[in-house]
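Nothing in this text is a laboratory measurement; each read-out follows from the coordinates by a stated rule. Quick caveat, the model's predicted, so the values are computed rather than measured. With ideal geometry, Cβ positions are generated from the backbone for all residues, glycine too; neighbour counts draw on all protein chains shown.
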Amino acid sequence: MLTAWWPLEEDGTDTRVASGACGSACDLAPGTPIARATPAQEGSFAADLVDATDNTLSCAEGTCTSLADPGDANRSWGGWVRPSSSSVLGATNTDRLLLSALGGGSAGYGVFFETDSGGDNTVICAGGGTVAPDSIYANTFAVDTWTHVGCVFDAGADTIQAYVDGVAYGSPVLAGPMTSAAKFQLGEATSGNFGVFPGLYDEWFVDERAFSAAEMCRLCSCGIRGEQCLCDGGDPTQYVDSGRNATACNSCTLPACDTPAP
């Protein structure tokens, strides 16, 4: 069972209820009302985060220590995002946060959007005092298009690896030990550069394991619980249906169909 994942079906000032081993301690409260919206990538609704102050979903400090206080341990995190602002996508030298459990120096982990001086964009995974991938600006994101982003921190190898639509993005980057941060949140409490990445967010997750490439592909294609994939009754290792997200995730390699969901 995942440490925590959020379907993000709730609306306005409602708490976003966490599923997973962490339980209600990992529920996320909105700083300002955050509307639910469509289209969702999974389920019925997604959270619509905008470029505004305190447009964030966070857990109270001290309540979700399994998220904000991981120590130097394995960790995987990510989810679906559908950018809504062409001006943010086309900006130069900008950074926008999607998920943050960061602190000073090498503290914590996160994932953010970044553009270079030419306006090309990328996804950046942060952890262990470093970022991955290293200088790849391949215009990962497009407006009104769902993209699955993921990060894996391997404490044994001291590496961090980024994933886009279930595929490893760049090579693993050597990282230092991961230390703890004070707060966990989706979005950001500020606006503008280094603020929230505006768009729809759906099915975000955190787990205390370093997922394999096949596991990241399964999360992307089959959904958090694997519910979107259907196995062959005669040969359960084979897929009859590889999921509603299969088109977005069609370049990654799935595990055997009967592999348990993380």
| task | Mind listing whichever residues of region 1-41 are part of a strand (DSSP E or B) and not hydrophobic (A, V, I, L, M, F, W, C)? | result | Gly12, Arg16, Ser19, Pro30, Arg36
| task | Consider only pairs whose beta carbons are under 9 Å apart and that are at least six residues apart or on different chains; among these, list those whose first residue lies in region 168-179 and is without any contact (Cβ under 8 Å) to a residue 40 or more places away in the chain and whose second residue is of a type in the set (Val, Ile, Thr) and surrounded by fewer than 18 Cβ atoms within 10 Å (Cβ to Cβ). | result | Gly170/Ile136
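So which strands (runs of 3 or more DSSP E) stay within region 197-262 end to end and still have 2 or more residues that are within 22 Å of Leu8 (Cα to Cα) and touching a Pro at 6+ places or on another chain (Cβ under 9 Å)?
Correct list: 199-207.
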| query | Just checking, how many residues over region 136-175 are over 22 Å from Asn250 (Cα atoms) and not in a strand (DSSP E or B)? | reply | 5
| remark: The number of residues in region 52-90 that are without any contact (Cβ under 8 Å) to a residue 60 or more places away in the chain and among the hydrophobic types (A, V, I, L, M, F, W, C) is 2
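Can you find even one residue in region 94-110 that is of a type in the set (A, V, I, L, M), within 27 Å of Thr140 (Cβ to Cβ) and touching an Asp or Glu at 6+ places or on another chain (Cβ under 7 Å)?
yes
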| remark: Exception for Gly192 within (1) at positive phi; (2) under 15 Å from the mean Cα position of the chain (by Cα) falls at (2)
| query | Is it true that some residue in region 186-196 is touching a Cys at 6+ places or on another chain (Cβ under 9 Å) and buried (at least 17 other Cβ atoms within 10 Å of the Cβ)? | reply | no
| request: Give Asp134, Asp72, Asp95 a once-over and let me know the one that is under 17 Å from the mean Cα position of the chain (by Cα) and of a type in the set (Asp, Glu). | output: Asp95
| Selection status of Arg36, on the phi < 0 side of the Ramachandran plot, of a type in the set (Lys, Arg) and touching a residue at least 40 places away in the same chain (Cβ under 8 Å) | no
